[in-house]
1. If the elastic network links every pair of Cα atoms under 10 Å, which of Leu214, Leu256, Leu152 fluctuates the most in the Gaussian network model of the chain?
2. For a quick check, take a GNM of the chain with Cα springs below 10 Å and name the residue from Ile50, Ile77, Ile237 with the largest mean-square fluctuation.
3. Find the accessible area per residue for the chain; the probe is 1.4 Å, ligands and nucleic acids are left out, and the unit is Å².
4. Work out the length of the dipole vector of the chain about its Cα centre, built from +1 on the beta-carbon of each Lys and Arg and -1 on the beta-carbon of each Asp and Glu, and round it to the nearest 20 debye.
5. Please check: in the Gaussian network model of the chain (C-alpha springs, under 10 Å), which one of Val264, Val52, Val120 has the largest mean-square fluctuation.
6. Once amide H atoms are built 1.01 Å from N in the peptide plane, which residues 5 or more positions from Tyr273, or in another chain, come under 5 Å H to H?
7. Return the sequence-ordered ³J(HN,Hα) values of the stretch 194-210 in whole Hz as given by the Karplus equation 6.51 cos²θ - 1.76 cosθ + 1.60 applied to θ = phi - 60°, using x for Gly and Pro.
8. Could you state the number of Å between the C-alpha centres of the stretch 134-171 and the stretch 234-306?
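The values are calculated or read from the model by the stated rules, or taken from the named source; none is laboratory data. Please read all numbers here as calculations on a predicted model, not as lab measurements. Neighbour counts are summed over all protein chains in view; Cβ atoms, including those assigned to glycine, are modelled from backbone coordinates with ideal geometry. What goes into the accessible areas is simple: the full protein's heavy atoms, side chains included, and nothing from ligands, DNA or RNA. Shrake-Rupley method; radii C 1.70, N 1.55, O 1.52, S 1.80 Å.
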Amino acid sequence: MLNSLVVKMLPLLPKSLVYAVAKRYIAGPRLEDAIRESKQQNSKGRQVTIDVLGEHIQDLTEADAAAEEYLRVLEAIQFEQLQGNVSVKPTQMGLGIDFQHAFHIYQKLLTSAREKNTFVRIDMEDSPYTDSTLELYRQLRASGFTNVGVVLQAYLRRTLNDIENLSSLMSHTLADAGKHIRLCKGIYVEPESIAYKGREEIRTNFKRCLDSLLDHDISVGIATHDEVLIRYSIQQIEKRSIPKEKYEFQMLLGVLPELGDRIVQQGHPLRMYVPFGEKWYAYSIRRLKENPAIAGYILRAMFGLR
Ligand SMILES: Cc1cc2nc3c(=O)[nH]c(=O)nc-3n(C[C@H](O)[C@H](O)[C@H](O)COP(=O)(O)OP(=O)(O)OC[C@H]3O[C@@H](n4cnc5c(N)ncnc54)[C@H](O)[C@@H]3O)c2cc1C
């Protein structure tokens, strides 16, 4: 009860207090912060996905500025020899305003990424953008890019169908550097008519979607901190003798780091999502809402305790 009260209070809290608690989830405000964090993760045997925070831009010049920042990230990945790629939110590139504009930005980013032998993931946002995001992915693939991947959300009732429809686009001959589908539960609040709501039914659909991806021989990023799903995934990987090039686990910075250590110790590939940037607020609020210990963290920060 205290947790849900604190979640309701979050928008009322001063940003400085939210930052004090939320900074575990982000590398920091600047590119140098993301580079430092990525090097640290690489030194622990993990790959990274760097994310420039921001979403739902209001005009297209903001999209262009965010794209420039991503080009700097790609330069840094090459220059600093990071084991990493980037993840890009479509509404940050203007998808909600002008599809063609967003499409051209992704083309630019993919061209730069291809020159650097790396990969661009299209993040998946809330359901008004599911169709246009998948269309963006299809058109980028149709224009010849193989270093692009997309995300599917297991809480959506449509996802098994989407896997069927997308499967013809993917084949094991593609470069697997980024694992073509990232499968996650999904973070946005969606209506029951289109989304599973219960913890167990989301888990069940996650398992079905993973099975379907593996049946179709599609390389997959398994993005979850749910130990039940991680155990299930490992069972499937071992049962089907899936080689390491065809899968990886993915986790968010600051969430259950010991679980990540265990995944790596067991010999599985792990990629960490490393977000950075000035626009940390919306992302951090989502992460805080998911944190089962949020009330304790906020209360300790309010009283200046660590
Ligand atoms: C790499 C990566 C990329 C993602 N990309 C997208 C995307 O493009 N689109 C999208 O909709 N969603 C995305 N997500 C978010 C995802 O959909 C879930 O909302 C999020 O991962 C929590 O779900 P879970 O599978 O970890 O299961 P949960 O059941 O939510 O969490 C499992 C356990 O992890 C712990 N935990 C979870 N979150 C926190 C936290 N913030 N702090 C502390 N402990 C926590 C808890 O102990 C919890 O019991 C991504 C997730 C990851 C890991």
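1. Maximum fluctuation in the GNM of the chain, among the listed residues, is at Leu256.
2. Of Ile50, Ile77, Ile237, the Gaussian network model singles out Ile237 as fluctuating most.
3. Each residue of the chain exposes 46 Å² on average to a 1.4 Å probe.
4. 980
5. Val264
6. Placed amide hydrogens put Thr49, Met251, Leu252, Leu253 under 5 Å from Tyr273.
7. With coefficients 6.51, -1.76 and 1.60, one gets 10, 9, 5, 10, x, 3, 6, 6, 5, 4, 4, 6, 4, 5, 4, 5, 4 Hz.
8. So the separation of the two Cα centres works out to 24 Å.
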